[in-house]
Amino acid sequence: MASTLATMGEIRRLQRADGPAAVLAIGTANPPNCVSQDEYPDFYFRVTKSEHLTDLKHKLKTMCQNTSTEKRFFHHTEELLNAHPHFLHRGQPSLDDRLEIAAVAAPELAASAAAKAIAEWGRPATDITHLIVSTNSGAHAPGADLRLASLLGLRASVQRTMLHLNGCSAGSASLRLAKDLAENNRGARVLVACVELTIVAFRGPEDACPHTLIGQATFGDGAGAVVVGADAVEPLERPLFEMVSASQTVVPGTDHVLTMRLTEGGLDGHLLARELIPIAAENIELCLSGAFGQLGVGVEWNDLFWAVHPGMRAILDHIDRALALEPGKLAASRTVLREYGNMLGATVIFVLDEQRRRMEEDGEGGEWGVMMGFGPGFTIETMVLHATSNLKKN
């Protein structure tokens, strides 16, 4: 018996990586159709044939002005929407057609981001051992993961995992899973791809559904990809951020503030902005204290670098005040929100890439950092990051 136990212990040791998982490369992509935030209300009410609803148009203009977003990217165009007039009405069945569009477009957009990450990583795509794909824009089997693997030329034995309807926390949840896979499978190289297309939820304005306008002022399309692995093969591989710990917290009594479901009329749900906005700020310090306390690492919040999902500008403002952050601490999040809007699960990868750029090119400092995502539940994803020497200014 003792011999068997010793043998099993050795097997487990050999199966696991020696060091922590790390972000090895990042890639992002957007569709070519770009609409400025100033022009979006005119675009939206024109394509939805709703220009007579002047009060709602005024509301959307005000919402767009308050977002701090300057432009957003979309797969859908005016021509595509004109060809699918049933997309505009909640009561008309349209899910099949929406999913058919997304089934083609989502893997292609994800492949654009993933190809950039793989090129930066520097190893062949066939060295990817695990694939995690998250999206709120699909519901097929085989799904976007299999199509993406084919587009990238991944090997047939790649181990695939799909995450659906995780909302804005999908990117953080995918990276949490990637960390576990990389650390528990020696030599694993995990490709994470998060892709979002708002065509699945696009519809016309409705007095009875004010959250429709909130979504129209906020969300855009994009894809982010990350290669994750432990025990980097240097100098070929270049670790950026070590993924030190990851946790997930659900705030009790908040499951009603943000919901998502697939319906015959497309992706639908509720977003109660007034209730949702302060929740993250009210609970973030507890999540941070728990994460760093378990590690025995003493830090001041202003000593950290930050990669926070920027759901809305007001959420970032509340976090700034709750943690008494110095001006510019959430600059990476605010930059992504300004340049792209909220791309749901893909957004936090854009933020991580922007934070990487600031550290590499602008010389921003910080040894310890945190990545945070927020989603239905209300769920807070927290990951402690450690910057490597590769992020020093070139």
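The values are calculated or read from the model by the stated rules, or taken from the named source; none is laboratory data. Just so it is clear, the model here is predicted, and its values are computed rather than measured. Counting neighbours? That spans all protein chains shown, and the Cβs are built from the backbone with ideal geometry, glycine included. Note: accessible area is taken over every heavy atom of the protein model, side chains too, but ligands, DNA and RNA are not part of it. Shrake-Rupley method; radii C 1.70, N 1.55, O 1.52, S 1.80 Å.
When you look at His256, is it of a type outside the set (A, V, I, L, M), free of Cβ contacts under 8 Å to residues at least 24 places away in the same chain and out of contact with any Ser or Thr (no Cβ under 7 Å at 6 or more places or on another chain), yes or no?
Values: of a type outside the set (A, V, I, L, M): yes; free of Cβ contacts under 8 Å to residues at least 24 places away in the same chain: yes; out of contact with any Ser or Thr (no Cβ under 7 Å at 6 or more places or on another chain): yes.
Here the answer is yes, as His256 does meet what is asked.
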(message) Need the failing condition index for Ala25 against (1) touching a residue at least 24 places away in the same chain (Cβ under 8 Å); (2) outside any loop (DSSP other than H, G, I, E, B); (3) closer than 18 Å to Phe219 by Cβ, just the number.
(response) (3)
(message) For the stretch 206-243, give me each residue that is assigned to a loop (DSSP other than H, G, I, E, B), out of contact with any Pro (no Cβ under 7 Å at 6 or more places or on another chain) and open to solvent by 10 Å² or more (accessible area, probe 1.4 Å).
(response) Glu206, Asp207, Ala208, Cys209, Asp231, Val233, Glu234, Pro235, Leu236, Arg238, Pro239
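Somewhere in the stretch 174-186, is a residue open to solvent by less than 10 Å² (accessible area, probe 1.4 Å), in a loop (DSSP other than H, G, I, E, B) and aliphatic (A, V, I, L, M)?
First, the residues of the stretch 174-186 that are open to solvent by less than 10 Å² (accessible area, probe 1.4 Å): 174-175, 178, 182.
The next check asks that each one be in a loop (DSSP other than H, G, I, E, B); those that pass are none.
No, the stretch 174-186 contains no residue that is open to solvent by less than 10 Å² (accessible area, probe 1.4 Å), in a loop (DSSP other than H, G, I, E, B) and aliphatic (A, V, I, L, M).
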(request) Of the numbered conditions (1) more than 17 Å from Val348 (Cα to Cα); (2) in a helix (DSSP H, G or I), Ala156 fails exactly one; give the number of that condition. (result) (2)
(message) Could you check the stretch 244-285 and list, in sequence order, the residues that are at pLDDT below 95, open to solvent by 80 Å² or more (accessible area, probe 1.4 Å) and under 19 Å from Leu385 (Cβ atoms)?
(response) Glu285
(message) Condition first: more than 30 Å from Asp18 (Cα to Cα) and in contact (Cβ under 8 Å) with a residue 12 or more places away in the chain. Can you find one or more residues in the stretch 287-307 that meet it?
(response) yes
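Output yes when any residue across the stretch 108-127 is in contact with a strand residue (DSSP E or B) (Cβ under 6 Å, 6 or more places away or on another chain), touching a residue at least 12 places away in the same chain (Cβ under 8 Å) and among the β-branched types (Val, Ile, Thr), and no when none is. Full working, then the answer.
Start the filter on the stretch 108-127 by keeping residues that are in contact with a strand residue (DSSP E or B) (Cβ under 6 Å, 6 or more places away or on another chain), which leaves 109-110, 112-114, 116-117, 120-121, 127.
Within this subset, residues satisfying the condition of being touching a residue at least 12 places away in the same chain (Cβ under 8 Å) are 109-110, 112-114, 116-117, 120-121, 127.
Filter once more, so that each one left must be among the β-branched types (Val, Ile, Thr): none.
No; the residues of the stretch 108-127 include none that is in contact with a strand residue (DSSP E or B) (Cβ under 6 Å, 6 or more places away or on another chain), touching a residue at least 12 places away in the same chain (Cβ under 8 Å) and among the β-branched types (Val, Ile, Thr).
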(request) Kindly establish whether Leu191 is at pLDDT below 95 and of a type in the set (A, V, I, L, M, F, W, C). (result) no
(message) Can you pull out every residue in the stretch 53-84 that is touching a residue at least 12 places away in the same chain (Cβ under 8 Å) and more than 18 Å from Ala217 (Cα to Cα)?
(response) Leu80, Asn82, His84
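Can you tell me which of Leu385, Leu352, Leu344, Leu337 is under 21 Å from Ser174 (Cα atoms) and out of contact with any strand residue (DSSP E or B) (no Cβ under 9 Å at 6 or more places or on another chain)? Outline the logic, then answer.
On the way: Leu385 fails: out of contact with any strand residue (DSSP E or B) (no Cβ under 9 Å at 6 or more places or on another chain); Leu352 fails: out of contact with any strand residue (DSSP E or B) (no Cβ under 9 Å at 6 or more places or on another chain); Leu344 fails: out of contact with any strand residue (DSSP E or B) (no Cβ under 9 Å at 6 or more places or on another chain).
Answer to the check: Leu337.
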(request) Would you check if Ala170 is open to solvent by less than 10 Å² (accessible area, probe 1.4 Å), in a helix (DSSP H, G or I), of a type in the set (A, V, I, L, M) and in contact with a strand residue (DSSP E or B) (Cβ under 6 Å, 6 or more places away or on another chain)? (result) yes
